[in-house]
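One structure is given here, and the rest of the page talks about it.
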Amino acid sequence: MQFQQLQYFVAVAETRHFTRAAELVHVAQPSLSQQIRSLEHELGAELFRRARGNITLTDAGEALLPLARRILADADTARQEVQELAQLRRGRVRLGATPSLCTGLLPDVLRAFHDRYPGIRLLIEEGGSHDLVRELARGALDLALVVLPLPTPSPALTTVELLREKLVVVSSPHSPAPGRGGADRPVRIKDLAGERLVMFRHGYDLRELTVAACRAEGFEPDFAVEGGEMDAVLGFVRAGLGVAVVPHMVAVRSAPGLRVTPLARPGLHRTIALAHRSDVAPPRAARELQRMLLDR
């Protein structure tokens, strides 16, 4: 099995077309087809069902695809590692984080990292913890900031707890304070039974945490608006559409136009961890960013 054959296989699997795949990898179509046939011969199984104008993966092809993608991603990571110059003058870091962490935790850390290593490209991917774990596993990310516990525990990942962050309630200062109390009075979770919530989309860690807390108090939350990302949720709250439960760091950074009310003890918290694959060491630049995050 040759590395080039895996490249050709992934190209065909993603385009579902031999000619377009050949153009993608800059090789003549007959040569690509020959390499795919050689790969199938080596593996002893057909990888594609070939019908005129319709290319689909066989069961063997479906099994090989995630492995091939991971091998190619690891090779790309190795290439990047070898090509980095001394003292981190160039390279890249692929970092995944939930949108709330991109708003609250990352800006200051990334600014400090960029000031120290201006030649390092920072590639940021926003997503929920479930999506980020999947991207880590297939080699598309070097590091990810995720919320613990992970939706699907993975022995292939190493996680290091970074911080435990409290959650607060944000509302419009032009609307009554949540919980029918004063602006500075802590709100109990059960007080949210009388509030309309601006809620994040499905798959968002904060959505699951908030809904679970409300159900633990014996009520289903009432959504005024649902389906947004962090910036949209904060905008809807400023407009007076409802209240939202958000991380304290996000609330502090987004304070203009928002009332921030603490949650009564024991409150709500979330645990943030830094994750990377256990079987592959992060590239040098990623390890430096990891150190800065852990030392913050």
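Read the figures in this text as sums done on the coordinates, not as results from a lab. This one's a predicted model, so the numbers in the text were calculated from it and none came from an experiment. Reconstructed Cβ throughout: ideal geometry from the backbone, glycine too, with neighbour counts over all protein chains shown.
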TODO: From the P(r) of region 144-251, can you give the percent of Cα pairs sitting at distances over 18 Å?
DONE: 51 percent
Open item on the list: Cut-off 10 angstrom, C-alpha nodes, Gaussian network model of the chain. Which of VAL12, VAL260, VAL243 fluctuates the most?
Closed with: VAL12
- [ ] Could you list which residues have their amide H under 5 Å from that of GLU226, counting only those 5 or more apart in sequence or on another chain, with H placed in the peptide plane?
- [x] MET199
Task: Estimated translational D of the chain in µm²/s (Stokes, Kirkwood radius over Cα pairs; 37 °C; 0.692 mPa s) - done: 150 µm²/s
Task: Dipole of the chain [Lys/Arg +1, Asp/Glu -1 at C-beta], most positive-end residue of ALA213, HIS41, ALA140 - done: ALA213
Task: Helix axis angle, 205-216 relative to the chain longest principal axis, alpha carbon, degrees - done: 50 degrees
- [ ] Pop out the Kirkwood hydrodynamic radius of region 100-166 from its pairwise C-alpha distances, inverse of mean 1/r, in Å to one decimal.
- [x] 13.4 Å
TODO: May I have the extent of the alpha carbons of region 94-214 along their three principal axes, as whole Å values ordered from largest to smallest?
DONE: 50, 35, 22
TODO: Over all directions, average the projected area of the Cα convex hull of region 240-285 and note it in nm².
DONE: 6.1 nm²
Task: Cα long-axis angle, helix 29-43 against the chain (0 to 90 degrees, to the nearest 10) - done: 80 degrees
Task: Mean Cα-pair separation over length for the chain, i.e. relative contact order, pairs under 8 Å, 6 or more apart, % - done: 21 percent
- [ ] Report, by chain and number, residues whose modeled amide H sits under 5 Å from the one on ARG259, excluding near sequence neighbours (fewer than 5 apart, same chain).
- [x] SER171, SER172
TODO: Determine, for each peptide in 1-8, 289-296, the mean count of other beta carbons within 10 angstrom over its residues, then list the peptides with the highest first.
DONE: 1-8, 289-296
Task: Positive-end residue of ALA193, SER254, LEU293, charge dipole of region 190-296 with Cβ unit charges - done: LEU293
Open item on the list: If you fit an axis through the alpha-carbon atoms of helix 284-295 and take the longest principal axis of the Cα set of the chain, what angle between them do you get, 0 to 90°, nearest 10?
Closed with: 20 degrees
Task: Distribution of pairwise C-alpha distances over region 211-296, 10 Å bins, in % - done: 12, 33, 28, 20, 7
TODO: With label points built 7 Å along Cα→Cβ from the Cα atoms of ALA193 and GLU62, find their separation and express it in nm.
DONE: 4.6 nm
Task: From phi via Karplus (6.51, -1.76, 1.60), per-residue ³J(HN,Hα) for region 61-76 in Hz, x at Gly/Pro - done: x, 4, 5, 6, 4, x, 5, 5, 4, 5, 4, 5, 5, 5, 5, 5
Open item on the list: If each residue of separation counts as 0.36 nm, what is the full-extension length gain between ALA75 and HIS174 once their alpha-carbon separation is subtracted?
Closed with: 30.1 nm
TODO: Run through all the Cα pairs of region 7-107 and give the fraction in each 5 Å bin from 0, expressed as whole percent.
DONE: 2, 11, 16, 17, 14, 11, 10, 9, 6, 4, 1
TODO: Under a 10 Å cutoff between Cα atoms, tell me which one of ALA51, ALA281, ALA75 has the largest fluctuation in the Gaussian network model of the chain.
DONE: ALA51
TODO: Work out the length of the dipole vector of region 202-296 about its Cα centre, built from +1 on the beta-carbon of each Lys and Arg and -1 on the beta-carbon of each Asp and Glu, and round it to the nearest 20 debye.
DONE: 460 debye
Task: Mean Cα-pair separation over length for region 202-249, i.e. relative contact order, pairs under 8 Å, 6 or more apart, % - done: 31 percent
Task: Long-range HN-HN contacts of GLU195 with modeled amide H, under 5 Å - done: none
